[in-house]
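The values are calculated or read from the model by the stated rules, or taken from the named source; none is laboratory data. All of these numbers come straight from a predicted model, not from anything done at the bench. Backbone-built Cβ (ideal geometry, glycine too); neighbour counts: all protein chains shown. The accessibility values were calculated without ligands, DNA or RNA, using every heavy atom of the protein model including side chains. Shrake-Rupley method; radii C 1.70, N 1.55, O 1.52, S 1.80 Å.
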Amino acid sequence: MSEYKGIMVHAELREKELAPVTLELLAGGRKVADQLGDELSAALLGHGVKNLAKELIAYGADKVYLVDHPLLADYTTDAYAKALYAVLSKHKPEAVLFGATPIGKDLAPRVAARLRTGLSSDCTELEVDVQNRLVVGVKPAIGGNVMARIVCPRHKPQMFTIRPKALKPLPRDDSRTGEVVEEEVELSLSDVRVRRISFVKEVVGEVRLEDAEVVVAAGRGVGKDYLKLVEELANLLGGAVGSTRPLVDDGLLPPTTQIGQTGKITRPKLYIGFGISGAVQHTVGMQDSEVIVAVNKDPEAPIFDLATLGIVGDVREILPALVSRIKEIKGS
Amino acid sequence: MNGLRIAVCIKQVPDFFSVKEVKIDPETKTLVREGVPSIVNPLDRHAIEEAVKLKEAHGGEVTVITMGPPQAKEALLEALAMGCDKAVLLSDRRFAGADTLATAVVLAEAIRKLGGFDIILCGKQTLDGETAHVGPELAELLDLPQITYVKKLEVKEGKVVAERLLEEGYEVVEAPLPVLVTVVKEINTPRYPSLRGIMEASKKPMETWNMEYLGLSQDVVGLLGSPTQVTDLFYPERKRRGEVISGSASEVVEKIVEKLKEVGVL
Ligand SMILES: Cc1cc2nc3c(=O)[nH]c(=O)nc-3n(C[C@H](O)[C@H](O)[C@H](O)COP(=O)(O)OP(=O)(O)OC[C@H]3O[C@@H](n4cnc5c(N)ncnc54)[C@H](O)[C@@H]3O)c2cc1C
Ligand SMILES: Nc1ncnc2c1ncn2[C@@H]1O[C@H](COP(=O)(O)O)[C@@H](O)[C@H]1O
């Protein structure tokens, strides 16, 4: 097993830029690598993205393995799994980190199974067992009601997906130096079995929910006629619109807005929820927000157990008043 | 056989969300299962529904498969009552304690033994494991293309066209058969088993297969075959309840505005 060395991060991209989670993975990987006295590398797969290597280094990588190929321009399971498997088989890192994003969670289990190794999902923290050279994944389970520690003691590499926003990126340091290693991987069109035909964008408001520093969320207590105000408030605060499942089930907001167990996990600086009861299936997706403001007419609503500032009151009065007050402040 | 050969993989899970409190047994460091009802994993009911709908549209047969203890038969019966045609329970003491890879290994072997399928459906993730690993791992072990997070599925001329739910919208993809698909809740509304369905379910074929029957060895299944191990379960630190206030709209708006300024968004 000692042939396995170093920590590697899958550098997830978003339209030829590094995805925010990639910087978070670098920070987590850097910490683990330093504790183990290891090197931190990044696997950068894509097309025409060589320029991103120095960014990866500035955020903590010692080395970047670059696989540049036209068939890696868009993410596909088949091409990415093949390329990453090639890099992992050749360089044999002790541990590999992925974002717990749709891409990371599609790719990581595929590659883990190919390597017949273990994958711990949705970790929010990584610890290190230095003596046994193990990376310990800490993750919420059962909707955040309990936490679990998971290890992969007998197999290498140890693989992890890490929830976006769980870790903080290191400050960018352009004086850092590192090595860029270009890797050749043979890929042909016949390797790619699932072909993308089109992409349909469905975002409400101007900011992506999972990256947003501010989330304004609507629950069933926000009448249909008031949803526009929720969106307006989100835009005024430079935030994103979130929702509970009933609104998605009723077709009032698209599934991309749903927060929670079967939706998205968010960790904004500020979450404001209107007319949301606070069912665990929802709160698992917002409970780690730094500040939580909740408006609900029911003083017993469980959301108040989490709220930094809880307001017992009617959304139909408070929401319009808040929007006009903020416009007033912004206008002056 | 005419029509589609469809498999759907389901899991019976403890519904911890229906109980007031999730308890950890301090001795064993496992979750207390007593008094927690067992249900068919909610997303797997969407997978069953999609399988039955595909059969209704294209003809063919749906085989429902689960790995679990003997009582997981209940879950299979529910799937049969919803319209699946036959069921296979993969059950063996030595399968216990399986992580996702060790689960996928058993499912893959069963699927090979059943002669393969045109479409294999899974839920995106389970209520208890919450990993979303088993689908992709199973696809890999069977060397099949995978389409995850599917919210719409169509089969035509030996191909599938699917809509995959992503962060910012959805992607439309196309793949040849055979293929493995994992579904999200947006794909359909699962039917309730009809009375007739429930009566017929118990007459449909159901087999139970163990490790020897699958020709697997102990080192690749169950706890021993699992690369990952849970070493500790503990309660998260609960955040303290903050301030709860009421008042006139203008009063509370001022409080919110204060908070927004404090956080720096205003
Ligand atoms: C398997 C499963 C998965 C699920 N996954 C998710 C998930 O990912 N995300 C999710 O959100 N849910 C999920 N749910 C649903 C979840 O259990 C709750 O049903 C849901 O979160 C409740 O949404 P809500 O708070 O908007 O509605 P409700 O629970 O109906 O609450 C509405 C609240 O609005 C308040 N209210 C009403 N009118 C007003 C008014 N005029 N002014 C102020 N307050 C008002 C009421 O007091 C009430 O507290 C899931 C459920 C299951 C079974
Ligand atoms: N024991 C099992 N038997 C059959 N299918 C399973 C089992 N465990 C998981 N699955 C399938 O894999 C999906 C993802 O599970 P998980 O990786 O546990 O989140 C589930 O929705 C099921 O379709």
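Quick look at the numbers
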quantity: Single unsatisfied condition, A:G99 versus (1) more than 7 Å from chain B (Cβ to nearest Cβ); (2) open to solvent by less than 20 Å² (accessible area, probe 1.4 Å); (3) in contact with a Phe, Trp or Tyr (Cβ under 8 Å, 6 or more places away or on another chain); calculated: (3)
quantity: Test for A:V185: is it over 24 Å from the mean Cα position of the chain (by Cα) and within 11 Å of another protein chain (Cβ to nearest Cβ); calculated: no
quantity: Any hit, the stretch B:1-9, residues being open to solvent by less than 30 Å² (accessible area, probe 1.4 Å) and not hydrophobic (A, V, I, L, M, F, W, C); calculated: no
quantity: Failed item in (1) more than 16 Å from ligand 1 (Cβ to nearest atom); (2) in contact (Cβ under 8 Å) with a residue 12 or more places away in the chain; (3) of a type in the set (D, E), with B:D128 passing the rest; calculated: (1)
quantity: Which listed residue, of A:R267, A:R245, is closer than 23 Å to A:P140 by Cα, among the basic types (K, R) and free of Cβ contacts under 8 Å to residues at least 60 places away in the same chain; calculated: A:R245
quantity: Evaluation of A:P169 against (1) open to solvent by 10 Å² or more (accessible area, probe 1.4 Å); (2) within 16 Å of ligand 1 (Cβ to nearest atom); (3) assigned to a loop (DSSP other than H, G, I, E, B) (one fails), failing number; calculated: (2)
quantity: Residue that is nearest to the chain's Cα centre (by Cα) [pool: residues in the stretch A:223-249 that are more than 10 Å from ligand 1 (Cβ to nearest atom) and not in a helix (DSSP H, G or I)]; calculated: A:A240
quantity: Every residue from the stretch A:188-214 that is open to solvent by 90 Å² or more (accessible area, probe 1.4 Å), under 19 Å from the mean Cα position of the chain (by Cα) and basic (K, R); calculated: A:K201
quantity: Output for the stretch A:120-138, where each listed residue is open to solvent by 10 Å² or more (accessible area, probe 1.4 Å) and assigned to a strand (DSSP E or B); calculated: A:D122, A:E125, A:L126, A:E127, A:V128, A:D129, A:L134, A:V136
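For (1) at pLDDT below 95; (2) within 16 Å of the chain's Cα centre (by Cα), each residue gets a yes or a no:
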{"position": "A:P93", "(1), (2)": "no, no"}
{"position": "A:P102", "(1), (2)": "no, yes"}
{"position": "A:A112", "(1), (2)": "no, no"}
{"position": "A:V128", "(1), (2)": "no, no"}
{"position": "A:L134", "(1), (2)": "no, no"}
{"position": "A:G137", "(1), (2)": "no, yes"}
{"position": "A:R149", "(1), (2)": "no, no"}
{"position": "A:P153", "(1), (2)": "no, no"}
{"position": "A:K165", "(1), (2)": "yes, yes"}
